[in-house]
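FYI, it's all coordinate maths here, none of it is from the lab. Keep in mind it's a predicted model, so treat the numbers as computed, not measured. Note that each Cβ is placed from the backbone with ideal geometry, even for glycine, and that neighbours are counted across all protein chains shown.
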Amino acid sequence: MPSAIEVRKVPIHSVADASELAKLIDDGVMEASRVIAIIGKTEGNGGVNDYTRIIADRAFREVLVAKGADAEAVKQVPIVWSGGTDGVISPHATIFATVDAEPSDEPRLTVGFAMSERLAPEDIGRTPMITKVADAVKVAMERAGITDPADVHYVQTKTPLLTIHTIRDAKSRGETVWTEHTHESMDLSNGCTALGIAVALGEIEMPSDDDVMHDRSLFSSVASCSSGVELDQAQVVVVGNATGVGGRYRIGHAVMEDALDQDGIWEAIRSAGLDLPERPRTADLDGRLVNVFLKCEASQDGQVRGRRNAMLDDSDVHWHRQIKAAVGGVTAAVTGDPAVFVSVSAAHQGPDGGGPVAAIVDLG
């Protein structure tokens, strides 16, 4: 049986700051050697060349080593950074660590991690990537002690996107790539990964190559996929609930049907086990919401609730940044805290124009 989980959200005071992680360890909240995953937002541009993700990654790993964790083990800790804190979103990290706790008959938070087989540039956007991701999700579920896919509420991934270098590598071997536009490959990598998650959890049947990025009716309700230049495998973190692990925390999920769907956020919080009135307010959270994790996407029809929207036509500011800022504002209005994990590029992650929402609450 996996260990119980302690989870805390901490602010990031500058691009290379991991001081709040150090404080948690110094205060005895968690041990450096027992940190098993970190998921956070950095203040870069969120694009292909967003190197704030690498800077933050290094800062947090250096703290873990400095506080006594084995350096080789720290290299294997999944640390997933989503770049871009547009609008009111505040840089922060959510840190997961194992702790000793009495077993519980109630479902409580559990986390599992796995790495996929290597993803070649020619795999990205195609069925080999879907299969490799699905296989890794199943391994992570097993490590989390989850046997029923219904107990999985959040799957956070980090996968490679295409760069000029990797495109050239594929061509040199006589292979083709799905796209030669590196920024487009971010959406592609995320979307294809989400299909792999959906297949692993039985949300959809195995899609074809033609379905990728085209059939938006195929999606996962728990996938949160991010991509970057940092790795050549799918890094998979499965978060769900399991009976017997003990601890104070529980996770739930729902979907936002569109960019303004506050009810979807509230429903995720309810799903996690927090008792809320019919028409909840921020004060009803009573400090028991640890964090929410969302994906968002500009609707392909160029509308929000029947009103025409110009995001997809804007040549000055990419729609990635606009929708992220908009949904970040909606989310912060619900939680009362701008340190929320809102990530863009949600192809095949929730319904078109919406996205999955996961919430972790402290049940005491």
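Bridges between two residues of the stretch 262-364, per DSSP, are antiparallel at a rate of about 65%.
If you look at the Cα atoms of the stretch 248-362, you get an Rg and a Dmax of 14.2, 47 Å. For the chain, the membrane-span-like helices by this rule, meaning whole DSSP H stretches whose C-alpha atoms cover at least 15 Å of axis and whose Kyte-Doolittle mean is 0.5 or above, are 52-66, 184-200; this says nothing about an actual membrane. Placing unit charges on the Cβ atoms of the charged side chains and taking the dipole of the chain about its Cα centre, the candidate lying farthest along the positive direction among 222, 162, 12 is 12. Normalised Debye scattering of the stretch 108-240 at q = 0.11 Å⁻¹ gives log10 I(q)/I(0) of -0.35, counting only Cα atoms as equal scatterers and leaving out solvent.
DSSP assigns beta bridges within the chain; of those with both partners inside it, close to 75 percent run antiparallel.
Pairwise Cα separations in the chain fall into 10 Å bins from 0 onward with the following percentages, short to long: 6, 26, 37, 25, 7, 1, 0. Selection among 272, 47, 114 by position relative to the dipole of the chain gives 47 as farthest towards the positive end (Cβ unit charges, Cα centre). Comparing 280, 121, 338 in a Gaussian network model of the chain (Cα springs below 10 Å), the most mobile by mean-square fluctuation is 280. Calculated [222 nm] ellipticity per residue, helices only, for the chain: -8500 deg cm²/dmol; basis is -39500 (n - 2.57) per DSSP H run with n ≥ 4, divided by all residues, nearest 500.
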